[in-house]
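Worksheet: the structure to be examined is printed underneath.
The values are calculated or read from the model by the stated rules, or taken from the named source; none is laboratory data. Here the structure is a predicted model, which is why all the values come from computation and not from measurement. Here the Cβ is made from the backbone with ideal geometry for all residues, glycine too, and neighbour counts use every protein chain on show. Heavy atoms of the whole protein, side chains included, go into the accessibility calculation; ligands, DNA and RNA do not. Shrake-Rupley method; radii C 1.70, N 1.55, O 1.52, S 1.80 Å.
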Amino acid sequence: QVALLGPPNAGKSALHARLTGSGAHVAPYPFTTQFPTPGMLPYEDIHFQLIDLPAIAAEHPVPWLAGTLQTADAALLVVDLTEPADVDQLREVRSLLAQKRVELVGGAGAAGASSAEVDGGGDPFAVHLPTLLVANKAEGVADVAAELQALEELAGADYSVLAVSANTGLGLGEIAPWLFARLAIVRVYTKVPGHPADRQRPFTLRRGQTVGDVANLVHRDLVRSLRFARVWGAAGFDGQHVG
């Protein structure tokens with residue numbers, strides 16, 4: 001589950017509609033989105049659930065926002081690349097979320113963090129969301145590379161940054177692969193003995209989870225009765241017995 005966050009008029013709803021076909025209401029005035037709007041973003045043979053959330057601004061508080069983010073696995077932080085005050089808006093969004101104990105986590109090369117992870121000495125009730133900074137409306141900028149560089153330098157946050165356009169489709173194809181890699185997603189295909197693997201509907205896990213986690217997704221009773229599993233993959237030989 002991925003939350004779309006950002007200041008007013010950044011184009012979150014247009015981005016959501018373009019990525020998911022949700023038909024989210026898009027209007028030129030601020031605070032169009034009042035309630036969470038879900039949609040599904042397909043990537044290869046899995047889906048990400050994108051949740052379009054109300055814009056974040058001091059003059060328009062959303063009391064339930066932090067509670068909604070408890071279940072998210074990542075965030076797309078959307079800003080308007082043509083907005084002169086985009087850096088100030090970005091800082092305000094981060095500050096308002098921090099007051100609600102929500103931290104948008106950067107780390108361009110890292111993988112595997114989730115909303116459940118907390119730094120060793122951190123707040124055990126805080127939400128930590130791996131975040132991609134999405135610079136929308138790139139079609140309205142003459143020198144996209146220069147604007148992106150300025151945004152990265154002035155924002156002072158260690159986010160991966162991607163220039164996109166909800167209108168033209170620029171860069172949108174890079175969002176799902178980033179989420180897949182950043183969240184360390186692993187697909188597990190199951191098979192009935194004596195038959196080929198079912199390649200249509202994988203179980204989706206995170207790197208570091210176990211055969212027991214897969215068994216629990218198949219059926220809770222299987223976890224208690226399972227004595228061993230056979231695994232096919234690059235890490236061993238085909239049909240290898242594992243615990």
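Evaluate the following for P193: is it open to solvent by 20 Å² or more (accessible area, probe 1.4 Å), more than 29 Å from the chain's Cα centre (by Cα) and of a type outside the set (A, V, I, L, M)?
In short, yes.
Does segment 133-155 hold any residues that are touching a residue at least 24 places away in the same chain (Cβ under 8 Å), over 20 Å from the mean Cα position of the chain (by Cα) and open to solvent by 20 Å² or more (accessible area, probe 1.4 Å), and which are they?
E139, G140, V141, V144, E147, L148, L154
Yes/no matrix, rows are residues, columns are (1) modelled with pLDDT of 90 or more; (2) open to solvent by 20 Å² or more (accessible area, probe 1.4 Å); (3) over 20 Å from V127 (Cβ atoms); (4) in a loop (DSSP other than H, G, I, E, B):
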position	(1), (2), (3), (4)
V26	no, yes, yes, yes
F31	no, yes, yes, yes
Q34	no, yes, yes, yes
P38	yes, yes, no, no
H47	yes, yes, yes, no
L50	yes, no, no, no
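If I ask for residues that are of a type outside the set (D, E, K, R), open to solvent by 10 Å² or more (accessible area, probe 1.4 Å) and either at pLDDT below 95 or in contact with a His (Cβ under 8 Å, 6 or more places away or on another chain) (or both), which ones from segment 1-18 would you list?
Scanning segment 1-18 gives P8, N9, G11, S13, A14, A17.
If we scan segment 169-181, do we find a residue that is within 30 Å of D88 (Cβ to Cβ), within 18 Å of the chain's Cα centre (by Cα), surrounded by 16 or more Cβ atoms within 10 Å (Cβ to Cβ) and among the small types (G, A, S)?
yes
One line per residue, one yes/no per condition, for (1) of a type in the set (S, T, N, Q); (2) more than 20 Å from D52 (Cβ to Cβ); (3) assigned to a helix (DSSP H, G or I); (4) modelled with pLDDT of 90 or more:
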| site | (1), (2), (3), (4) |
| --- | --- |
| D119 | no, yes, no, no |
| L129 | no, no, no, yes |
| A135 | no, no, no, yes |
| E139 | no, yes, yes, yes |
| E147 | no, yes, yes, yes |
| L154 | no, yes, yes, no |
| D158 | no, yes, no, no |
| S165 | yes, no, no, yes |
| H195 | no, yes, no, yes |
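Quick test for you: out of R220, R224, R230, R199, pick the one residue that is touching a strand residue (DSSP E or B) at 6+ places or on another chain (Cβ under 8 Å), over 30 Å from L15 (Cβ atoms) and at pLDDT below 95.
R230
Hey, can you tell me all the residues within segment 58-96 that are among the acidic types (D, E) and open to solvent by less than 20 Å² (accessible area, probe 1.4 Å)?
Residues satisfying the conditions are D80, D86.
Can you find a residue that is within 22 Å of the chain's Cα centre (by Cα) and outside any helix (DSSP H, G or I) anywhere in segment 209-229?
Within segment 209-229, one or more residues are within 22 Å of the chain's Cα centre (by Cα) and outside any helix (DSSP H, G or I).
Kindly establish whether V214 is touching a Phe, Trp or Tyr at 6+ places or on another chain (Cβ under 6 Å) and either of a type outside the set (D, E, K, R) or closer than 30 Å to L133 by Cα (or both).
yes
If you check N167 against the conditions, is it among the polar types (S, T, N, Q) and in contact with an Asp or Glu (Cβ under 8 Å, 6 or more places away or on another chain)?
yes
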